[in-house]
Amino acid sequence: MTAASPAPELDIVIPVYNEGDNIRPVLDSFRAHIRTPYRVLICYDREEDNTLPAVRALAQEGHPVVLVKNRGKGALGAVLTGFAHSAAPAVLMFPADDDFNAPRVDEMVALFRSGCEIVAASRFIPCGCMQGCPWLKAALVRCSALALHHVARVPTHDPSNGLRLFSRRVLDRIPVESRVGFAYSIELLVKTHRLGWRIGEVPAGWFERRAGQSRFQVLKWVPQYLQWFAYAFATTFLFRGPATVKLNPITPPASP
């Protein structure tokens, strides 16, 4: 972005692993559909990642994109690195193979502006869909969604979807304790719910990826997911009185 460009209201964090065939359609869809001022943080592990040449070419074409080297390991390390490099009031986690949900981004930002601290994209509300998902993953996702929404009363129909917008307050105040995969997303959701902060949702589509390899590891991540499912049920059925979520201290602004 040039010095004359408006300061971005939205940082879009995209963890990548050899997404060279996918990243151009995704970034082109942003340019075509997103009107909110934004920049994209591409978080990668290795210099040999085939996403990098494509991203550098797109940057030359004027896309507001920044490459960020992963300071940790794997998917979670890339996500947390992206959070650490973000500076916008709203931060959106976006899959590297998703070239169809960009039209929903401005809707998510509008809900953030209205006071939502998290805006979840849901495959399980009208105008949303999930197609081509492997049966085991689909069964786990749908059963957990039904339980968390209808029994634990978490205010989204799709608590495990990785397409999610977080406010600066959520990222700065709520420490991430998860240690694997994308469990952090459910963790921040259920902690925000316990605090009583507002959560919104918009419909979204999900289609099995056409190129590249998914980093979703169902069996490896299940124990961590179950930890946060239990947390959500405890909030509804055991928790009483003021919220007891551990929060990071507020850092005062630096002196001029």
Taking Cys133 as the residue in question, decide whether it is surrounded by 15 or more Cβ atoms within 10 Å (Cβ to Cβ), hydrophobic (A, V, I, L, M, F, W, C) and at pLDDT below 95. yes
From the set of residues in the range 199-209 that are surrounded by fewer than 24 Cβ atoms within 10 Å (Cβ to Cβ) and aliphatic (A, V, I, L, M), which is nearest to Ile118 (Cα to Cα)? Ile199
Of the residues that make up the range 197-205, is at least one of a type in the set (Val, Ile, Thr), touching a residue at least 60 places away in the same chain (Cβ under 8 Å) and in contact with a strand residue (DSSP E or B) (Cβ under 7 Å, 6 or more places away or on another chain)? yes
Give all pairs with beta carbons closer than 8 Å in which a residue from the range 220-236 that is modelled with pLDDT under 95 meets a residue that is assigned to a helix (DSSP H, G or I) and hydroxyl-bearing (Ser, Thr, Tyr); count only pairs at least 6 apart in sequence or on separate chains. Tyr225/Ser144; Phe229/Ser144
Against the definition (in contact with a Pro (Cβ under 6 Å, 6 or more places away or on another chain) and in contact (Cβ under 8 Å) with a residue 60 or more places away in the chain), how does Ala32 come out, yes or no? no
Name the helices (runs of 4 or more DSSP H) wholly within the range 29-131 that hold at least 1 residues that are closer than 21 Å to Val190 by Cα and within 17 Å of the chain's Cα centre (by Cα)? 74-85, 105-113
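Rundown of residues vs (1) in contact with an Asp or Glu (Cβ under 6 Å, 6 or more places away or on another chain); (2) buried (at least 20 other Cβ atoms within 10 Å of the Cβ); (3) modelled with pLDDT under 95, yes/no style:
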site: Thr156; (1), (2), (3): yes, yes, no
site: Pro159; (1), (2), (3): no, yes, yes
site: Leu165; (1), (2), (3): no, yes, no
site: Arg168; (1), (2), (3): no, no, no
site: Asp172; (1), (2), (3): no, no, no
site: Val176; (1), (2), (3): no, no, no
site: Phe182; (1), (2), (3): no, yes, yes
site: Trp197; (1), (2), (3): yes, no, no
Residue check: is Gly62 free of Cβ contacts under 8 Å to residues at least 40 places away in the same chain and either crowded, with 16+ Cβ neighbours inside 10 Å or small (Gly, Ala, Ser) (or both)? yes
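The values are calculated or read from the model by the stated rules, or taken from the named source; none is laboratory data. Note that the structure is a prediction, hence the values are computed from the model and not measured. For neighbour counting, all protein chains shown are included, and Cβ atoms are generated from backbone atoms with ideal geometry for every residue, glycine included.
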